[in-house]
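The values are calculated or read from the model by the stated rules, or taken from the named source; none is laboratory data. As the structure is a prediction and not an experimental result, all values here were calculated from the model. Methodologically, a virtual Cβ is constructed for each residue, glycine included, from the backbone with ideal geometry; neighbour enumeration extends over all protein chains shown.
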Amino acid sequence: MISKRFVVVAVALALALGPLASAVLAQGPSIFIPLLVYRTGPYAPSGIPNANGFQDYFNLLNERDGGINGVKIAVEECETQYDTKQGVECYERLKSKAVLINPYSTGITYQLIPKAPGDKVVVHSMGYGMTASADGRYFPWVFNFPMTYWSQASSFVKYVGAQEGGLEKLKGKKIVHIFHNSPYGKEANPTLETLAKAHGFELTLLAVDHPGQEQKATWLQVRRINPDWIYLSGWGVMNGVAVKEAAGIGYKMDRLVGNWWSGSESDVIPAGDGAKGYKSMTFHAPGAGFKVHQDVIKHVYDKGKGAAKKEALGEVYHNRGMINAMLNAEAIRTAMAKYNLKTAPTGEQVRWGFENLDLTEAQLDKLGMKGMIRPLKVSCENHEGNGLAAVQQWDGKQWKVVSDWIEPMRNVVRPKLEEAAVQEGGEKLKYAKRDCSKEK
Amino acid sequence: MSVFQQVLIGPLKDIGSNPAFFGEVVIGGILAGMLYSLVALGFVLIFKASGVFNFAQGVMVLFAALTLVGLIERGAGVWVALAATALVMIVLAFAIERAVLRPLVNQPQIILFMATIGLNFFLEGFGEMLWGANVKKLDVGIPDRSFMAAGMQINQLELSAGGIAAILVVVLAIFFQKTRIGRALRAVADDHEAALSIGIPLKTIWVVVWSVAGLVAIVAGIMWGAKSGVQFSLSLIALKALPVLILGGFESVPGAIVGGLIIGVGEKIGEVYWGPLVGGAIENWFAYVLALAFLLIRPQGLFGEKIIERV
């Protein structure tokens with residue numbers, strides 16, 4: 001007869017060794033990509049669709065193409081709960097097998113930036129993280145394409161200017177920035193302040209403390225200021241409450257514009273019909289009307305390997321996860337082409353692939369993502385690439401892009417970014433400046 | 001302008017120059033304070049009857065709201081879903097008494113506190129497993145638009161929440177003062193052993209008090225869930241109740257209400273008039289400063305019982 005103690009020990013061993021066994025299976029001649037995810041905790045509503053998007057796209061490549069150039073992709077998720085400490089623990093646990101990492105949190109990104117060069121792991125913080133790291137001369141291992149927070153903020157001002165009839169019409173207008181009181185939320189402030197001086201609009205900065213469940217005082221101030229436009233840099237529950245409060249005080253919803261981390265389905269659901277007209281910035285199109293979605297259904301979902309429910313395809317964060325995975329894959333493909341590889345590339349080779357990524361319209365068409373994101377070119381100096389922003393609007397049922405692609409004010413952003421790179425990279429981290437003319 | 005003028009004269013002038021807006025800030029604070037009180041009440045009820053600081057109260061609010069919205073999403077009518085959620089919270093109270101409290105009876109309070117931490121994580125995970133982690137819209141038919149009254153803008157949802165919280169307090173006061181079980185609860189709160197010696201069943205009292213706290217959690221969950229949608233960050237509203245408890249005392253129902261109002265009004269006035277002087281976002285910590293200031297004068301809280309121990 002099997003003793004009770006034996007059963008307990010066997011169950012404990014199975015629980016302990018199960019994840020190890022799957023990690024072992026994930027090894028071999030494959031390209032290993034760890035995924036830092038947050039499927040639990042207060043930010044899970046944003047974390048789950050993102051993680052599912054990654055899984056679905058990598059699954060598509062494995063199922064349809066046999067991986068990248070025939071080399072399979074192996075992924076392993078590590079739960080961070082959007083907590084910086086847990087994220088760093090995940091990185092430390094997985095870095096020995098990894099060639100690149102997507103931290104999916106500005107806080108985690110800041111912690112990994114100093115570690116990346118020593119570990120030879122590429123950090124890709126897609127549209128988040130440290131803006132200064134876009135200067136590749138100081139941060140060779142960090143990439144934040146297709147755009148940074150600063151470029152995004154300048155695109156917002158450009159959009160508002162266009163709506164008002166020209167940037168010169170911004171003089172005397174009142175713009176409020178409501179932001180999450182964290183390094184992430186504050187990122188846009190210097191750009192907005194610079195542009196307020198340049199174009200003569202009156203900028204008010206209103207911080208909201210984490211988690212942002214209660215914002216009455218902030219919206220009382222909004223009532224008093226009566227701004228012409230509001231820019232929202234929120235996260236998680238803060239977004240839903242802000243949209244609901246704006247609707248509650250009768251603010252014109254089409255003049256409330258969130259950044260691209262404030263414009264998902266979960267941000268508008270709590271406000272119901274009140275959210276109609278709310279806008280947000282984006283760098284990719286929402287919706288499931290692209291060829292890549294048909295491929296995902298055919299090669300992944302129809303085989304019962306989908307990560308989400310089929311109805312979730314096309315959601316903003318699911319699309320973003322797929323785009324992030326695609327950018328990772330295309331950078332790896334670039335590296336494999338350069339080094340003529342039939343096996344998994346090294347961290348240094350992948351870094352070269354990221355730095356020389358040239359995603360053309362033709363390649364996007366081939367990938368089934370034409371129109372979903374703009375072509376992108378990265379260089380040694382410029383790690384944010386030449387991405388463009390757009391504005392999307394919630395119509396009560398779905399997000400729809402309502403603007404043309406907007407070129408950021410690069411003449412304003414780039415000099416500031418280079419100054420910040422000297423401070424963050426040169427002075428704080430003691431990095432030497434690379435001479436990109438000598439890089440191939 | 002001198003610092004004195006900036007810190008004192010400026011904001012006071014601002015208040016005087018626009019009294020209607022000041023009125024709006026105060027009313028906004030009162031209504032927000034009532035919502036804090038709703039959460040604080042759950043803590044008070046359990047602490048009053050058992051001396052246990054229930055770390056899981058915030059998650060109980062979340063669990064109640066998740067269950068309610070989950071049932072509504074599956075086609076149940078609002079009233080049916082409410083009744084079923086109430087039943088679930090009562091069953092939960094029985095389960096907690098049987099599986100957590102009873103085995104730990106006579107253990108030090110810190111052990112019971114640690115048990116509620118475990119309960120917190122269990123309920124969070126269990127709720128997620130049952131109902132998923134998506135944001136859910138909670139619509140129980142309470143209108144959410146604002147209206148103007150005497151030059152002030154007032155939100156209907158917050159006004160309803162204030163009214164419901166007031167009714168809940170009256171019901172609880174009657175329950176504690178006028179019913180047999182309420183008197184038994186008070187006896188247990190005063191002295192466990194004395195209550196046991198005259199035949200008051202401690203186990204029943206615990207089930208009743210956890211059930212009542214569960215029902216209060218439903219009301220808090222509806223109000224907060226209607227404001228922000230039902231999502232896992234709802235459990236963090238417990239943080240908003242802590243300064244209320246520090247101020248009002250851990251054992252006083254009126255303390256939770258008055259404490260909530262003081263914190264609500266204090267933090268709104270602080271954020272709107274003094275916040276801009278330091279870059280804003282002072283609301284959260286200002287509530288704790290306010291509570292601590294009161295604590296220096298009355299360590300047992302506004303309505304807490306003064307602790308006198310013979311040595």
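In the set (1) at pLDDT below 95; (2) more than 20 Å from the chain's Cα centre (by Cα), the condition left unmet by A:Val157 is number (1).
The condition of being among the β-branched types (Val, Ile, Thr) and surrounded by 24 or more Cβ atoms within 10 Å (Cβ to Cβ) holds for only one of A:Val292, A:Val243, that being A:Val243. A single member of B:Leu87, B:Leu82 is under 21 Å from B:Gly125 (Cα atoms), of a type outside the set (Gly, Ala, Ser) and out of contact with any Asp or Glu (no Cβ under 9 Å at 6 or more places or on another chain), and it is B:Leu87. Within the range A:70-110, the residues that satisfy the criterion of being of a type in the set (Gly, Ala, Ser) and either under 26 Å from A:Thr334 (Cα atoms) or crowded, with 22+ Cβ neighbours inside 10 Å (or both) are A:Gly70, A:Ala74, A:Gly87, A:Ser96, A:Ala98, A:Ser105. The single condition from (1) out of contact with any Pro (no Cβ under 6 Å at 6 or more places or on another chain); (2) modelled with pLDDT of 95 or more that A:Gly107 fails is (2).
Taking the range B:269-299 as the search range and keeping residues that are β-branched (Val, Ile, Thr) and assigned to a helix (DSSP H, G or I), which one is farthest from B:Gly249 (Cα to Cα)?
Filtering first and then ranking leaves B:Val278.
Within the range B:1-22, being more than 12 Å from B:Val272 (Cβ to Cβ) and either within 14 Å of chain A (Cβ to nearest Cβ) or among the small types (Gly, Ala, Ser) (or both) holds for B:Ser2, B:Gly10, B:Gly16, B:Ser17, B:Pro19, B:Ala20. Residue count for the range B:269-291 satisfying the condition of being among the small types (Gly, Ala, Ser), more than 10 Å from chain A (Cβ to nearest Cβ) and closer than 19 Å to A:Leu205 by Cα: 0. Inspection of the range A:234-253 finds no residue satisfying the criterion of being touching a helix residue (DSSP H, G or I) at 6+ places or on another chain (Cβ under 6 Å), in a strand (DSSP E or B) and either under 28 Å from B:Gly151 (Cβ atoms) or more than 10 Å from every other protein chain (Cβ to nearest Cβ) (or both).
For the range A:208-240, filtering for residues that are of a type in the set (A, V, I, L, M), crowded, with 24+ Cβ neighbours inside 10 Å and more than 23 Å from A:Glu164 (Cβ to Cβ) leaves 4. Set side by side, the residues B:Val244, B:Val289 differ, and just one is touching a Phe, Trp or Tyr at 6+ places or on another chain (Cβ under 7 Å) and among the hydrophobic types (A, V, I, L, M, F, W, C), which is B:Val244.
Would you call A:Gly263 more than 10 Å from every other protein chain (Cβ to nearest Cβ), under 17 Å from A:Glu315 (Cα atoms) and either at pLDDT 95 or above or in contact with a strand residue (DSSP E or B) (Cβ under 7 Å, 6 or more places away or on another chain) (or both)? Yes.
Could you check, for the range B:31-54, whether at least one of its residues is more than 30 Å from B:Arg186 (Cα to Cα), within 11 Å of another protein chain (Cβ to nearest Cβ) and among the aliphatic types (A, V, I, L, M)?
no
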